[in-house]
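Here is the structure we will look at.
The values are calculated or read from the model by the stated rules, or taken from the named source; none is laboratory data. It should be emphasised that the depicted structure is a prediction, and the values quoted were computed from it without experimental measurement. Backbone-built Cβ (ideal geometry, glycine too); neighbour counts: all protein chains shown. In case anyone asks, the SASA skips ligands and DNA or RNA and just uses the protein heavy atoms, side chains included. Shrake-Rupley method; radii C 1.70, N 1.55, O 1.52, S 1.80 Å.
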Amino acid sequence: MIVEKRFADLTPLELYGLLELRVDVFVVEQTCPYPELDGRDTEPGTVHVWVAEDGVPVSCIRVLENGEDRAIGRVATAQGARGRGLSAQLIARGLELCAGRTVDIGAQAYLEAWYGRFGFVRSGEDYLEDGIPHLPMRVVAPT
């Protein structure tokens, strides 16, 4: 089951679980020490979307407001939950939440074709983020 909440509606346990998942994937697994808490989680327009098992988030994204546009980021799935299509379900739901708006992502370069399945196309030059090749991608979410 997909859960969607704004920051003010998250329980302390849900917030802890989402942050723990993101730190486990991005900071520990990908060995990228960076400021995970960037202030965007608490913005009134941010929607946290995740799948939980036994109350624990195992896959998540966040949808950000960037003026009239939107961004999807912090796409993370726990190692033990990969290969089951959870991230695909979350990206599809994120795009539904962004209906009719331009949506940007900063994709890890090896996932370009995967995001392409959802209509995302390259929108700029490759760049390095925390030592990992990335590229900007964009799509107009279907209405």
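I'd like the full set of residues that are part of a strand (DSSP E or B) and buried (at least 19 other Cβ atoms within 10 Å of the Cβ), limited to segment 65-90. Correct list: Arg70, Ala71, Ile72, Arg74, Val75, Ala76, Thr77.
Yes/no per residue for (1) among the aliphatic types (A, V, I, L, M); (2) modelled with pLDDT of 95 or more; (3) under 24 Å from Pro133 (Cβ atoms); (4) in contact with an Asp or Glu (Cβ under 7 Å, 6 or more places away or on another chain):
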position: Glu36; (1), (2), (3), (4): no, no, yes, no
position: Arg40; (1), (2), (3), (4): no, yes, yes, no
position: Ala71; (1), (2), (3), (4): yes, yes, yes, yes
position: Arg84; (1), (2), (3), (4): no, yes, no, no
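In the set (1) touching a residue at least 40 places away in the same chain (Cβ under 8 Å); (2) open to solvent by 60 Å² or more (accessible area, probe 1.4 Å); (3) under 23 Å from Pro142 (Cα atoms), the condition left unmet by Leu95 is number (2). Mind checking which residues of segment 130-143 are in contact (Cβ under 8 Å) with a residue 60 or more places away in the chain and open to solvent by 40 Å² or more (accessible area, probe 1.4 Å)? Asp130, Gly131 - these are the residues of segment 130-143 that are in contact (Cβ under 8 Å) with a residue 60 or more places away in the chain and open to solvent by 40 Å² or more (accessible area, probe 1.4 Å). The C-beta contact set for segment 1-25 (first residue touching a residue at least 40 places away in the same chain (Cβ under 8 Å) and within 16 Å of Ile91 (Cα to Cα), second residue open to solvent by 60 Å² or more (accessible area, probe 1.4 Å) and part of a helix (DSSP H, G or I), distance under 8 angstrom, 6+ apart or interchain) comprises Ile2/Gln89; Ile2/Arg93; Glu4/Arg93; Glu4/Leu97.
Quick check on my filter: what residues within segment 108-137 are assigned to a helix (DSSP H, G or I) and farther than 25 Å from Glu96 by Cβ? Within segment 108-137, Ala109, Tyr110 qualify. Which residues, taken from segment 30-64, are of a type in the set (Gly, Ala, Ser) and buried (at least 16 other Cβ atoms within 10 Å of the Cβ)? Hits for segment 30-64 are Ala52, Ser59.
Checking the structure you have, find out if any residue of segment 107-117 is buried (at least 16 other Cβ atoms within 10 Å of the Cβ) and small (Gly, Ala, Ser). Taking every residue of segment 107-117 in turn, at least one turns out to be buried (at least 16 other Cβ atoms within 10 Å of the Cβ) and small (Gly, Ala, Ser).
Yes or no, residue by residue, for (1) over 15 Å from the mean Cα position of the chain (by Cα); (2) assigned to a loop (DSSP other than H, G, I, E, B); (3) closer than 21 Å to Ser87 by Cα:
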residue: Lys5; (1), (2), (3): no, no, yes
residue: Leu13; (1), (2), (3): yes, no, no
residue: Leu18; (1), (2), (3): no, no, yes
residue: Val25; (1), (2), (3): no, no, yes
residue: Cys32; (1), (2), (3): yes, yes, yes
residue: Pro35; (1), (2), (3): yes, yes, no
residue: Asp38; (1), (2), (3): no, yes, no
residue: Asp41; (1), (2), (3): no, yes, yes
residue: Pro44; (1), (2), (3): yes, yes, no
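Hey, any hits in segment 78-87 for a residue that's farther than 14 Å from Arg22 by Cβ, free of Cβ contacts under 8 Å to residues at least 60 places away in the same chain and touching a Leu at 6+ places or on another chain (Cβ under 8 Å)? So far as segment 78-87 goes, no, none of its residues is farther than 14 Å from Arg22 by Cβ, free of Cβ contacts under 8 Å to residues at least 60 places away in the same chain and touching a Leu at 6+ places or on another chain (Cβ under 8 Å).
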